[in-house]
Amino acid sequence: MKYKSTRGGAHGLTFTDSLLMGLAPDGGLLVPEEIPDVSMHLETWRGLDFVSLAKEVIGLFVDDIDTQTLNGLIDEAYASFDHPDVVGTTQLGNVRVLELFHGPTLAFKDVALQLLGKLFEHVLEVRGLKLNILGATSGDTGSAAIAGVRGQKNVDIYILYPDNKISDLQELQMTTVCDDNVHCIAVDGSFDDCQTLMKTLFGDLAFKERHQLGAINSVNWARVMAQIVYYGYASLSSPSSADFCVPTGNFGNVFAAYLAKRMGFPINKLLVATNANDILTRFFKTGVYTRGEVHFTLSPAMDIQIASNFERYLYYLMDQDSDYLTAFMHQFQTSGTATLAAPPDDGVFDALAVDNDTTLQAISQAWDEFEYILDPHTAVGFAASRDLPGVTLIATAHPAKFPQAIEQAIGRVPTHPSLESLRGLESRKQRIPADLAAVRAIFE
């Protein structure tokens, strides 16, 4: 399997090349040159446990790590989860909940980032390289990425996050990790500011090469690759073709579902659930991709107006026409708006936006009817999908990470031992303005 850029400026890359590159030199995102067809394997794979299926699926995308080594890395990555099959399921009336929060930082990001950390460690050791990972987080990616690489000798990790705009516990999960290779950077701005700073530095090819920058955000293809597995896993345990509802900010999670469908897994519809930051909902309704003002909500990981993974979907929507895509993205980047001739009509996606009051009502309803506590991001998805029979809802985080929102909804404060143990620990962070020069100075 080889990899190429959505914007046409790179192709023929090996998996490990794409892993270390992150963002393509032309500013595009890396995708496989061919999407594998797994339809002939489905009956054989049905009934496999999660780790066994991960070995089958991930092996299709990795061309330059031998199978025994790769499978060992997969085993190591998922040994840190506290669920016997990595992910769990719960039925709430019509809605099946796929729980992806059983990893070390209690968020769905662990499913990909525990593996990504093992892959980085292996590849850097083999190549004799050192990497400076630069990431941006709206809450959960940062702690999951740090957990994946903390203490590694060939990696330093720098995480940008919006100061005072993530939950206290999310911040503690990052800032209380005192390994020498971990650097937490609080930015006076929004997540979109953090993401723009990160992507701008990756676009400065001389700076990127001089400082050996690598990506751990979902712009890194390996993140998407690992997330394909749980959609395949859930679809194979469904009585018929699966419909998924995915709480969505950066579009990486739901894009993995889209690829799983294209690969031949039995997946039907995908419902994109957004909060008040409804740029994606508006796009799927109108075909207009327009950046708005960031709204800060009870579901902070979704407080995003520029979905960094959306370009991958547009690439396939535009029949892999890199010139068309590049022009569309340039228009969006320069004016804040880009428009298709008509709304997407591929029969796959629908979208719905959910406000704060409805999010709180969803948390309350799930508790009153099922004594089940939803985190506010999963609650956005529950509100969007609860009237759809047979839908599988992606549960993105443990509710204990968002105690204020849960208490506001149901008068209870959920806890988790791993989070409670963070209180009172030494923490460290560096504060900077939302300024490119300030980020550059960290590396110089």
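If you filter region 293-373 for GluC sites (Glu not before Pro), then keep DSSP loop positions with at most 10 other Cβ within 10 Å, what is left?
Taking region 293-373 and a limit of 10 other Cβ atoms within 10 Å, the loop GluC sites (Glu not before Pro) found are Glu293, Glu371.
Distance from the Cα centre of region 1-54 to that of region 227-282, in angstrom?
Using only Cα atoms, the two centres lie 17 Å from each other.
What number, in percent, do you get for the relative contact order of region 156-289 if the mean sequence gap of Cα pairs under 8 Å and at least 6 apart is divided by its residue count?
This gives 17 percent for region 156-289.
Can you tell me the relative contact order of region 213-338? Whole percent, Cα pairs under 8 Å, sequence separation 6 or more.
23
On average, how much accessible surface per residue is there in the chain, in Å², for a 1.4 Å probe, leaving out ligands, DNA and RNA?
About 36 Å² of surface per residue is accessible.
For Cα pairs less than 8 Å apart in space and 6+ apart in sequence, what is the mean separation divided by the residue count of region 87-208, i.e. the relative contact order in percent?
RCO, region 87-208: 21 percent.
With a 1.4 Å probe and every protein chain kept in, tell me what percent of the accessible surface of region 158-248 is carbon plus sulfur.
Carbon with sulfur: 44 percent of the solvent-accessible area.
Going highest first, how would you order 286-292, 353-359, 326-332 by mean Cβ packing within 10 Å?
Final packing ranking: 353-359, 326-332, 286-292.
On the accessible surface of region 1-48, probed at 1.4 Å, how many percent belong to carbon and sulfur atoms?
Result for region 1-48: 51 percent of the exposed heavy-atom area is carbon or sulfur.
The values are calculated or read from the model by the stated rules, or taken from the named source; none is laboratory data. Given the structure is predicted, the values throughout are model-derived calculations rather than measurements. No Cβ is skipped: glycine too gets one built from the backbone with ideal geometry, and neighbour counts run over all protein chains shown. Note: accessible area is taken over every heavy atom of the protein model, side chains too, but ligands, DNA and RNA are not part of it. Shrake-Rupley method; radii C 1.70, N 1.55, O 1.52, S 1.80 Å.
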